[in-house]
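Since the structure comes first, as structure tokens, the remarks are kept for the end.
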Amino acid sequence: MRRTPYQALAAIVVLTLTFFIAALYFLVMAGSEQILHYFETRPQVTVFFKDDAADDQIQKVQEKLSQTPGVSETKFISKDEALSIYRKENQDDPLLLEMVTADILPASLEISASDVTYFREIASAVTGQPGVEEVVYQEDVITALTSWTRAIRISGIALVGFLALTSILIILIIIGLRISARRTEIEILRLLGATQWYILGPFLVEGVSYGVLGAFFAWGAAYLVLLYSTPFLVSFLGDIPLLPVPFLFMFVLLLGMLIFGTVIGSIASLLAARRFIR
């Protein structure tokens, strides 16, 4: 690396950019999974009752839901509880607080489904039941998030594959140039009886060094981007508990990137040696 500092620097810079893109992808993928999990664990189906709904009517709806496939949890919200929730959500707006009383807000039943595919079945089971005013469910939101997450996974596989091939090609070219520049020295070592691995060792170490340094610098850059964008993301995401990112996750990401860089560097160095060292 000392004899070709500019080649080494160029390799590390390009690999850093490559791994940086990969790190951002993994952060986005992990974030989308968390967002999807958040909405999946929220009450996705809400049953609003009429003002004159009797307790036995509400009880029958709850019993029917307990026998409906896909229902994982139900929670009854009385008029007074609905008012408390409303006041908490609008505590900074006195005008809105004065306009609403418990009599205006309907009692409701919040339902969590085990899977988005059960939304229609759950809604159909309680629609039209005595005492039920309206049934609302967030099928479109969950379906859109599920499709988005699936698209990120699929595109991520293609992206990681492309970045891996790009990284291998970059290291292969640099190591190939290094081997070509030292061809005379390699021939002398062969005449002196040096083994293949003795000749290959320095190039293998150099290739691994490129991969490891590129991965480490990329992780650091991704961490800084995440750190400085946290205030904006917190205000944008609202109540979704996505940030701060756990240190364990960032450590595992760093470890994975270092392993990935080591493997990429090793493969590229071996390919270069096989091609240029005959």
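The values are calculated or read from the model by the stated rules, or taken from the named source; none is laboratory data. Quick caveat, the model's predicted, so the values are computed rather than measured. Here Cβ is always computed from backbone atoms with ideal geometry, including for glycine, and neighbour counts include all displayed protein chains.
Here are some notes:
- Selected residue (criterion: surrounded by the fewest Cβ atoms within 10 Å (Cβ to Cβ)) from residues of the range 102-132 that are farther than 15 Å from Q59 by Cα and in contact (Cβ under 8 Å) with a residue 60 or more places away in the chain: S112
- Tally of residues being in contact with a Gly (Cβ under 6 Å, 6 or more places away or on another chain) and either under 18 Å from E134 (Cβ atoms) or without any contact (Cβ under 8 Å) to a residue 60 or more places away in the chain (or both) across the range 27-56: 3
- Filtering the range 57-74 to residues that are in a helix (DSSP H, G or I) and without any contact (Cβ under 8 Å) to a residue 12 or more places away in the chain leaves Q59, E63, S66.
- Residues located in the range 228-278, provided they are modelled with pLDDT of 80 or more and among the hydroxyl-bearing types (S, T, Y): Y228, S229, T262, S266, S269
- Only a single item in (1) in contact with a strand residue (DSSP E or B) (Cβ under 9 Å, 6 or more places away or on another chain); (2) exposed (fewer than 15 other Cβ atoms within 10 Å of the Cβ) is not met by D52, and it is number (1).
- Of the residues contained in the range 44-66, one or more are found to be at pLDDT below 80 and either outside the structural domain of S32 (by TED's automatic domain parsing) or within 34 Å of the chain's Cα centre (by Cα) (or both).
- Taking helices (runs of 4 or more DSSP H) as the structural unit, those lying wholly within the range 161-277 and holding at least 3 residues that are hydroxyl-bearing (S, T, Y) correspond to 196-237, 247-276.
- Matching residues, the range 103-120, being among the β-branched types (V, I, T) and over 18 Å from E81 (Cα atoms): V116, T117
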